[in-house]
1. If the requirement is being among the hydroxyl-bearing types (Ser, Thr, Tyr), modelled with pLDDT of 95 or more and within 16 Å of the chain's Cα centre (by Cα), which of these qualifies: 383, 415, 336?
2. Looking at region 573-588, is at least one residue under 28 Å from the mean Cα position of the chain (by Cα) and of a type outside the set (A, V, I, L, M)?
3. So, in region 406-448, how many residues would count as being of a type in the set (Lys, Arg) and over 25 Å from residue 346 (Cα atoms)?
4. Is it the case that some residue within region 685-694 is under 32 Å from the mean Cα position of the chain (by Cα), within 29 Å of residue 373 (Cα to Cα) and open to solvent by less than 60 Å² (accessible area, probe 1.4 Å)?
5. If I filter region 390-397 for residues that are outside any helix (DSSP H, G or I) and in contact (Cβ under 8 Å) with a residue 24 or more places away in the chain, do I get at least one hit?
6. List the number of the failed condition for residue 386; all other conditions in (1) open to solvent by 10 Å² or more (accessible area, probe 1.4 Å); (2) outside any loop (DSSP other than H, G, I, E, B); (3) in contact with a Cys (Cβ under 7 Å, 6 or more places away or on another chain); (4) not aromatic (Phe, Trp, Tyr) hold.
7. Please work out which one of (1) crowded, with 22+ Cβ neighbours inside 10 Å; (2) over 25 Å from residue 475 (Cβ atoms) is the condition residue 379 fails and give its number.
8. Can you name the condition, by its number, that residue 274 falls short on among (1) in contact with a helix residue (DSSP H, G or I) (Cβ under 7 Å, 6 or more places away or on another chain); (2) modelled with pLDDT under 95?
Amino acid sequence: AEPCSIYQSSPKLFASTKKRDIKTMEAYDKRKHSVGGTTLHTCHPCRRAVPYRIYGVIHTCGILALMYHHVNSLLTADTTLITSLLLFSDVILAFMWATSASLRFNPVHRSEYPEMYAAKPKQDFPKLDVFICTANPYKEPPMMVVNTALSAMAYDYPSDKISVYVSDDGGSSLTLFALMEAAKFSKRWLPYCKNNNFQDRSPEVYFSSKSHTWNDEADNLKMMYEDMKSRVEHVVDSGKVETEYITCDQFRGVFDLWTQKFTRQEHPTIIQVLQNSETDVDDSGKYIMPNLIYVSREKSKVSPHHFKAGALNTLLRVSGVMTNSPVILTLDCDMYSNDPTTPVRALCYLNLTDPKIKSGLGFVQFPQKFQGVRENDIYACEYKRLFDINMIGFDGLMGPNHVGTGCFFNRRVFYGPPSNMISAQIDELNPNRIADKSIEAKDVLELAHNVAGCSYEYNTNWGSKMGFRYGSLVEDYYTGYMLHCEGWRSVFCSPKRAAFCGDVPKSLIDVVSQQKRWAIGLLEVSISRYSPLTFGIKSMGILMGIGYCQYAFWAFWSIPLIVYGVLPQLALLYGVSVFPKSSDPWFWLYIFLFFGAYAQDLLDFVLEGGTYGGWWNDQRMWMIRGFTSFFFGSIEFTLKTLNLSTHGFNLTSKANGDDEQGKRYEKEIFDFGPPSSMFLPLTAAAIVNLFAFVWGTYGFFIWGERLVLELMLASFAAVNCLPIYEAMMLRNDAGKLPKRASLSAGILTFALIVSGYFFLK
């Protein structure tokens, strides 16, 4: 067992945690991989792994003792319902702690050496297909898509081997027009990037930066970019592409497809080659241009389209017909490339000339990073735990999960397990085929239109055994999970300079709405025949399966968070004790488990580059999600399961908010956005905790040690709720909590306190 190797063939490698397995893991302090005598990457186990394992044993003993205390109280106490709720909450907390402990068992860090791979002859570099998905030109501005596409086209990589496919699931002529403008601009932009060898290949980022040296060429390029930007934004504002704006005659005809019958839900397939590496060169005639292809799949109201997973599978088939590159990069439209050497970094692992990698490694996942995030990240939008801490834990097992963007895939991974390839319906879609025809050949384009049809997937394996998987709103999590279950491995690559950067939401409602959608999608996986708790453990082993449970059962966090956020506080208001008093030995068990878990979480956060303020905001946002995203996600999932409602894919807006919203974010002031019922339980819980804290502080001198834990919990919650109190009572700006929401929360608080009287008394 080699913990840092990416070539293990058995998906159950870490199913056992016997002593001999642990000793074997510890024996590998460092591993390097070489090809032809050249070291391409190394792997280092984290030093904190062994102390974490020791603490894990101690913490587990504490949890077992707590369970014994609950069961004993259940048999002897009068407040059976209260004890049962606390027991149920602690069982969930224990399970969720176990999921995080499995990812602390063998965390690793990797280093790669792209300069070594870059020394290879350029003809040995594999072809690369880049998939960029967009769906709405108003929530995802076309200029954002343009910058992402241009940053990928400008990679330090042979241009004739790059093909950029943009999937426009909204079927918008505005997006197509923007990409036509991008194709023209790229003939000046790409040579400029390669001649000057700078790292910011997104024009918007480059021209807004103050760190670059300016010259006449840069000034001219900036003028060209601003002119392109103004034309695109004018077209978006007007909502249509005027004839005078179409300057290229060969593309005029395609806009005739947008007739009155053309809608987002009902339209034919559109595939437009905007740039062809076989015929297009830059304005100087020196550089070959990469392929740029616009794809809008056929849509019909009577055919399911499977949201983003369906769009990606269409790109898989269209690209398979046109270029069939062995390496695929998936990007969100707002996630521009921040490092031109990123493909070469990925190939340090995904070296397809190595038979061991070719047969076992499915994908290389880069972390999501975000521009403009404040140091303390008030909304916890960097997802430090999701994109950094958990990733290195997964990487020490079978590898990280797919997170939807910034991922380099081996095309073969979408065609069944490593040892049993599933053949496509037609030879042109098989992953090992070499595409040797022009992408503009008539028969190639006809077949590409055919495989992009809305009925093509009927009675096929697409979405079940092939391609990106259907059945969940979180297609990235579900696809990565199923690939691991099939036996594929993955690698986490996290260079010092972020490989990809995107934008973060600037209001709380956008954050919790996005995570509500994630919670619903994850529940679709957890409550299914492919649950990580059953199918996952059986397929991947206990550590990997339990690790995947941390995401799958996200929504279950709402139960202990609501119970511990309301029940002890109501008990404090009525002087009823639900926890041991400070002179009771069990009191110290609660203290140990609480501070131990929080201290370990803080240590993880800081060691992976976070700040103390960022950690505090991260744990506060976790509580907020419990009362909003997780709670309402659970309700919506339950209603959908009972066929009482349906939910769709609500696209998160990536358009920049107003200036005032940006200023509030810079000052680290919560912006609650437009009125929403999602904040009602959160605000009511905040009021209950404030009342409990005030009354408990007064009552402390009367009750003494009897309600110390209840008061500590109310105090901790009240401190976390300070931004909510400020938004309710001290602010008058547009981002405060609406008065209607505060009033409704007050009524709900009154109802909770009254019901608490009958419940506790």
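The values are calculated or read from the model by the stated rules, or taken from the named source; none is laboratory data. Keep in mind that this is a model prediction, so the values were computed, not measured. Quick reminder, even Gly has a Cβ in these numbers, built from the backbone with ideal geometry, and neighbours come from all protein chains shown. All accessible areas refer to the heavy atoms of the entire protein, side chains included, with ligands and DNA or RNA removed. Shrake-Rupley method; radii C 1.70, N 1.55, O 1.52, S 1.80 Å.
1. Unique residue meeting the criteria: 336.
2. no
3. Looking only at region 406-448, we keep the residues that are of a type in the set (Lys, Arg), and these are 411-412, 433, 437, 442.
Then keep just the ones that are over 25 Å from residue 346 (Cα atoms); that gives 437, 442.
So the count comes out to 2.
4. Yes: region 685-694 contains one or more residues that are under 32 Å from the mean Cα position of the chain (by Cα), within 29 Å of residue 373 (Cα to Cα) and open to solvent by less than 60 Å² (accessible area, probe 1.4 Å).
5. yes
6. (3)
7. (2)
8. Single failed check for residue 274: (2).
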